[in-house]
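What follows is one structure encoded as structure tokens, with my remarks underneath.
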Amino acid sequence: MRIEDKLSARTQFMHANVTREILKVVGQPGMISLAGGIPAPESFPIDIIRDLTNEVLDEFGPAALQYDQTEGFTPLRMALMDYMPTRGVVNVNLDTLNIFSGSQSTLDLISKVLITPGDTIAIEAPSYLGAISAFNAYQPTYVSIATDENGMIPEALEETLKTQTIKFIYLVPTFQNPTGRTLSLERRKRVAELLQQYDVLLVEDDPYSALRYSGEALPPIQQFAPDHVIYSSTFSKILSPGLRLGFCVAPAPLARWLAIAKQGSDLHTQTLGQAIAALYLRGGYLTDHLPNIIALYRPRLESMLNALANYMPEGFTWSHPEGGMFLWLAGPEGLDTDVLYQECVARGVAFVPGRYFYYDYSQGLNTMRLNFTMVSPAVVDKAVKILAETAQDTLIT
Ligand code: PMP
């Protein structure tokens, strides 16, 4: 049978995620990977999870193993109603809050409910490529909004909103993946005004704001325009990505539609993990453990910033994130980071070339994303040194 003849039209718009392909290559022994986007294994609170699993079974018994409501396990939703306002999220209640199978599944459900083929989505350039993968299956078109070191430029957004009908805007305003950049407070307020003025929805994807290593916390855009924002976050970076737990606050009618869409996808998010997360929040374990994660990552970021300043040749610039997991590096015009990637991999260091974070791969040819959470400060230093030497050689030849 020719399976190609059986596939839906939608599959033409679906592509394998490039970073997942790169991760397969870089899993080789001896390779230093700055390519990944995953938390360090030593950040996981294994002992806490072991204890909480027992507590969950004592407290909830079979209910922790049973089918449950699509909207999420009630004790977790209650715990999030206490926790999310500490991040500045407003309107968190049982009509607006859903638990989904990781924030990736939130992006898929949002797409399922909102995108009619041909609709236009406004995205930052560059953008999180997992979101583009989620959207692609629903066949939207894209418009890129220009960014600078303070994130998306509101004037550029307004230009687009004036001239085009946009179904929604997708933004990672804090410690963005891939750039590590953060949208300033002033811009957050301006974006919120534009949402209201043009009556357009924003998907605010916020997996990283809890991982702040310096500077002051910023409120989410959702706080300034809750009727126009779908706020999405996750336990992946503050507990464990393997539990696949995302949480999402949306205007009530939309939250209801997201739950209806989820019924057809997977009925509900796994109950046992939700019960563990409920006690993780309720028992104050997150408050205790988050400083450990921050203490693990902060020196890794510092080491990367120092190494870049020490070793990179003339002509390179990079972002200076105050948190998250990534940093964005731009080389001189004409540098092809795909070629640099091949050379670096041959010398034992991997990263992700930047063009894969643009929806059509046509921009950012001289850029790259560096992850700093997976290796120790000393190894970060070594990797950046190799990267800098390889970049120097590539530029000379
Ligand atoms: N959004 C962004 C911006 C991400 O970087 C990630 C993970 N790398 C996700 C969503 C998906 O995370 P999860 O499904 O594990 O919650």
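The values are calculated or read from the model by the stated rules, or taken from the named source; none is laboratory data. Model, not experiment: these values are computed from the prediction. So basically every Cβ, Gly included, is an ideal-geometry build from the backbone, and we count neighbours across all protein chains shown.
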_Filter pass, residue 202 being under 14 Å from residue 122 (Cα atoms) and in contact with a His (Cβ under 8 Å, 6 or more places away or on another chain)_ = yes
*Search region 226-254 for residues being among the small types (Gly, Ala, Ser) and either surrounded by fewer than 20 Cβ atoms within 10 Å (Cβ to Cβ) or in a loop (DSSP other than H, G, I, E, B) (or both), and hand back the single one that is nearest to the ligand (Cβ to nearest atom).*
236
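Would you check which residues across region 229-245 are touching a residue at least 40 places away in the same chain (Cβ under 8 Å) and either under 26 Å from residue 189 (Cβ atoms) or among the charged types (D, E, K, R) (or both) and list them?
Correct list: 230, 231, 232, 233, 234, 237, 244.
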*Limited to region 178-225, what total is found for residues that are within 16 Å of the ligand (Cβ to nearest atom) and more than 26 Å from residue 288 (Cα to Cα)?*
9
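In region 311-320, is there at least one residue being part of a loop (DSSP other than H, G, I, E, B), charged (D, E, K, R), more than 16 Å from the ligand (Cβ to nearest atom) and touching a strand residue (DSSP E or B) at 6+ places or on another chain (Cβ under 8 Å)?
The initial filter retains those residues of region 311-320 that are part of a loop (DSSP other than H, G, I, E, B), namely 312-316, 319-320.
Checking which are charged (D, E, K, R) leaves us with 314.
Checking the rest, the ones that are also more than 16 Å from the ligand (Cβ to nearest atom) come to 314.
Restricting the remaining residues to those that are touching a strand residue (DSSP E or B) at 6+ places or on another chain (Cβ under 8 Å) gives none.
No.
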*If you take the residues of region 133-142 that are outside any loop (DSSP other than H, G, I, E, B) and crowded, with 17+ Cβ neighbours inside 10 Å, which of them is nearest to the ligand (Cβ to nearest atom)?*
134
*Of the residues in region 257-280, how many are under 21 Å from the mean Cα position of the chain (by Cα) and either part of a helix (DSSP H, G or I) or exposed (fewer than 15 other Cβ atoms within 10 Å of the Cβ) (or both)?*
5
*Mind counting the residues in region 340-378 that are in contact with a strand residue (DSSP E or B) (Cβ under 9 Å, 6 or more places away or on another chain), away from the ligand (no atom under 16 Å from the Cβ) and farther than 17 Å from residue 312 by Cα?*
7
*Does at least one position in region 354-368 carry a residue that is buried (at least 22 other Cβ atoms within 10 Å of the Cβ), in a helix (DSSP H, G or I) and of a type in the set (A, V, I, L, M, F, W, C)?*
yes
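Would you please name the residue that is farthest from the ligand (Cβ to nearest atom), looking only at residues in region 88-108 that are β-branched (Val, Ile, Thr) and not in a helix (DSSP H, G or I)?
So the first thing to find is which residues in region 88-108 are β-branched (Val, Ile, Thr), and the list is 89-90, 92, 96, 99, 106.
Filter again for not in a helix (DSSP H, G or I), leaving 89-90, 92, 96, 99.
Details: 89: 16, 90: 21, 92: 18, 96: 19, 99: 11 Å.
Among those residues, the one meeting the criterion is 90.
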*Take the residues in region 109-132 that are crowded, with 20+ Cβ neighbours inside 10 Å and part of a helix (DSSP H, G or I), then tell me which one is modelled with the lowest pLDDT.*
129
